[in-house]
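Below you'll find the structure, written out as structure tokens, and then a few comments.
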Amino acid sequence: MKYWELIADKLSTAGWTWGYCSAVTRDGWRWVVDANRGEGQRYILESDELLTAFLELEATLL
């Protein structure tokens, strides 16, 4: 299991719904990670690396 998957499991356990997608830009790959909760809380992060985006979510939400 990859480390970002462990963070994703922690988010789910804490009641967050999350998802991610990637896109190619002229500067390279970009990852967008989204986490939201039914209480109107939503966080969207963009990064060059998937793990970095999940680490930022972990630091912010958990």
If the chain between Arg26 and Ser47 were fully stretched, how many nm would it gain, using 0.36 nm times the residue separation less the Cα-Cα distance? 6.1 nm
Within the chain, helix-based [θ] at 222 nm, where runs of 4 or more DSSP H residues each add -39,500 (n - 2.57), nearest 500: -11500 deg cm²/dmol
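Take peptides 42-51, 2-11 and line them up by average Cβ neighbours within 10 Å, highest first, as a rough protection proxy.
2-11, 42-51
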On a 0 to 90 degree scale, rounded to 10, what angle separates helix 3-13 from the longest Cα axis of the chain? 30
Do you know the relative contact order of the chain, to the nearest whole percent, from alpha carbon pairs under 8 angstrom that are 6+ apart? 31
Compute the angle between helix 50-61 and the longest alpha-carbon principal axis of the chain, please, reported from 0 to 90 degrees and rounded to the nearest 10. 30
Of [x] 4.2; [y] 3.4; [z] 5.5, which one was derived for mean projected area of the Cα convex hull in nm² from the structure shown? [x]
Where the only charges are on Cβ atoms (+1 Lys, Arg; -1 Asp, Glu), what is the dipole of the chain about its Cα centre, to the nearest 20 debye? 120
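Every number in this text was worked out from the coordinates using simple rules, so none of it is lab data. Quantities reported herein were computed from a predicted structural model and do not represent experimental measurements. Note that we place each Cβ from the backbone using ideal geometry, even for glycine, and neighbour counts take in every protein chain shown.
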